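See structure below.
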Amino acid sequence: MSTKQVDETAATILVIDDNSCIRTLLARLLQRYGRVECAATVDEGLQLFRRHEPGLVITDYEMPGRNGIDGIRAMKALAPGVHIVMLTGSATRELIDEAKREGAFECLEKPFELDVLRELTARCLAC
């Protein structure tokens with residue numbers, strides 16, 4: 001039986017989503033790009049953000065408590081250069097514009113193609 005070696009230079013990716021199925025899916029999808037940390041709320045995500053300094057954050061918009069835009073603001077205040085992709089099931093032009101004004105690299109409307117997220121992840125981590 002072989003064990004998978006963790007590349008210590010690989011980026012950390014933070015996934016914030018209140019839906020455990022989405023978190024699990026995204027963690028499995030993104031583990032090829034680096035270590036994946038998962039949180040169910042913005043506040044939990046901010047704790048992990050401070051601890052792991054991720055190179056990429058993928059956050060849902062609608063969650064209990066603070067929403068994804070609140071998270072984007074807080075994370076950009078801590079690390080202005082971090083790439084953040086926001087996911088939403090209720091995309092409006094206003095919401096997308098606000099997310100981008102606050103620093104989101106991209107917004108994806110659910111459901112989205114997994115290949116699109118893979119490509120975005122690769123682009124974000126290459127910067």
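Can you work out ³J(HN,Hα) from phi for every residue in segment 79-89, in order, using Karplus 6.51 cos²θ - 1.76 cosθ + 1.60 and θ = phi - 60°, giving whole Hz and x for Gly and Pro?
Couplings: 8, x, x, 5, 8, 10, 10, 9, 9, 8, x Hz.
Tell me, what is the per residue accessible area of the chain in Å², probe radius 1.4 Å?
Ligands and nucleic acids excluded, the result is 56 Å² per residue.
Taking amide H positions as placed in the peptide plane 1.01 Å from N, state which residues far from V57 in sequence (5 or more) or on other chains have amide H under 5 Å from it.
Residues meeting the amide H criterion: L14, H83, I84, V85.
Based on alpha-carbon centroids, what's the gap between segment 76-125 and segment 18-58 in Å, whole number please?
What the calculation gives is 14 Å, centre to centre.
Of the listed values [x] -0.22, -0.91, -1.02, -1.57; [y] -0.38, -1.05, -1.09, -1.30; [z] -0.25, -0.89, -0.98, -1.39, grab the one calculated as log10 I(q)/I(0) by the Debye sum over Cα atoms at q = 0.09, 0.18, 0.19, 0.23 Å⁻¹ from the structure here.
Evaluating log10 I(q)/I(0) by the Debye sum over Cα atoms at q = 0.09, 0.18, 0.19, 0.23 Å⁻¹ on these atoms matches [x].
Restricting to Cα pairs below 8 Å that are 6+ residues apart, what does the relative contact order work out to for the chain? Please round to a whole percent.
For the chain, the relative contact order is 22 percent.
Counting only protein heavy atoms, what percent of the accessible surface of the chain is carbon or sulfur at a 1.4 Å probe?
49
The values are calculated or read from the model by the stated rules, or taken from the named source; none is laboratory data. These numbers come from a predicted model, not from an experiment. SASA here: full protein model, heavy atoms, side chains in, ligands and nucleic acids out. Shrake-Rupley method; radii C 1.70, N 1.55, O 1.52, S 1.80 Å.
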